[in-house]
């Protein structure tokens, strides 16, 4: 079944004759507002009868007709008011044989459309035409041109989860150190095969987004163990990197009730377990304040953990545990807190005094027992 033509070319025979007639008037010294405006916007050659016929032949996938029309090579790179050349239409709608025919006729490979800034290669990637992408790359199409949305062919291929296209583009020299990071896009899509493919590229380096998040921050948010391990095993990324707010990947993981990554991260020998964010809070502060009991338990097993670190308002993890009235967490912290029960926050209150103000008898008695064990009045 022949493909339906684009709306721009969807005219009756009579209408097409009128356009040809107007084209004749233009060449005779007359012009219309529409044609002059199109020329002003695109700066491209005005469509001709041969050009229009070529577009129709491409949309109909009529290889024989396309081959005949391509004998007039002066017109094969003409662009319409959108900046689309015959190769644009072929890459978007036609069969590989027609694209190959155009390439052999020495068409320009990297013409950019006016509206979206797309090249034929970008259109082929958007449509997922693997064979056409392969033909264009083999002919020398530039894989690193960026469209008006800020994406190149590699980024588009990753967004569409097309590992096969990603492989073709990387082999053709697609750059990996662009913004937005191709690796970020793959991580957000939770596409492990593409992530692994990108990690093999030498040009892959650590970068940050506008919030200061690194790929490990994003992987922590995605909460996919295999993905996170792949990044850690690559050895290229700082596990203690801080975002703009000072949070490390460990901060995010510790506060996430559904996180599966804490055990994996705690096995990293370079991990800074007591890293503080811009508020002075540690991952333990995060875990306690959000009442993540499993996270608290795992963090407390780490040899270098310091439960008595105060944040910018003087609060320790024990202060937050008391405020949350979480007896289970308070009990765990007391094992490690020692004289931390007497640390005062910026308001001059100790965890013990906070417990008293909470009117929680059981919690207060629990802390008094701890004080008694310390031999303190």
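Annotations
- When the test is whether a residue is outside any helix (DSSP H, G or I) and closer than 30 Å to residue 192 by Cβ, residue 174 passes it.
- Number of the condition not met by residue 73 [criteria: (1) more than 29 Å from residue 198 (Cα to Cα); (2) surrounded by fewer than 22 Cβ atoms within 10 Å (Cβ to Cβ); (3) in contact with a helix residue (DSSP H, G or I) (Cβ under 9 Å, 6 or more places away or on another chain)]: (3)
- Total residues in the stretch 339-349, condition touching a helix residue (DSSP H, G or I) at 6+ places or on another chain (Cβ under 9 Å) and surrounded by fewer than 17 Cβ atoms within 10 Å (Cβ to Cβ): 2
- Residues that are closer than 14 Å to residue 77 by Cβ and at pLDDT 90 or above within the stretch 42-57 comprise 54, 55, listed in sequence order.
- Test: residue in the stretch 126-134 that is buried (at least 16 other Cβ atoms within 10 Å of the Cβ), in contact (Cβ under 8 Å) with a residue 40 or more places away in the chain and within 31 Å of the chain's Cα centre (by Cα): yes
- Matching option when the condition is under 28 Å from residue 133 (Cα atoms), at pLDDT below 95 and over 39 Å from the mean Cα position of the chain (by Cα), among 68, 13, 26, 35: 68
Residues checked against (1) buried (at least 21 other Cβ atoms within 10 Å of the Cβ); (2) farther than 26 Å from residue 268 by Cα:
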site: 315; (1), (2): yes, yes
site: 329; (1), (2): yes, no
site: 353; (1), (2): no, yes
site: 368; (1), (2): no, yes
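- Listed by position, the helices (runs of 4 or more DSSP H) enclosed by the stretch 190-292 that each have at least 1 residues that are in the same structural domain as residue 177 (by the TED database) and surrounded by 19 or more Cβ atoms within 10 Å (Cβ to Cβ) are 192-199.
- Residues that are over 25 Å from residue 259 (Cα atoms), in a loop (DSSP other than H, G, I, E, B), over 36 Å from the mean Cα position of the chain (by Cα) and outside the structural domain of residue 237 (by the TED database) occur at least once in the stretch 303-314.
The values are calculated or read from the model by the stated rules, or taken from the named source; none is laboratory data. This structure is a prediction, so every number in the text was calculated from the model and none was measured. Cβ: placed from backbone, ideal geometry, glycine included. Neighbour counts: every protein chain shown.
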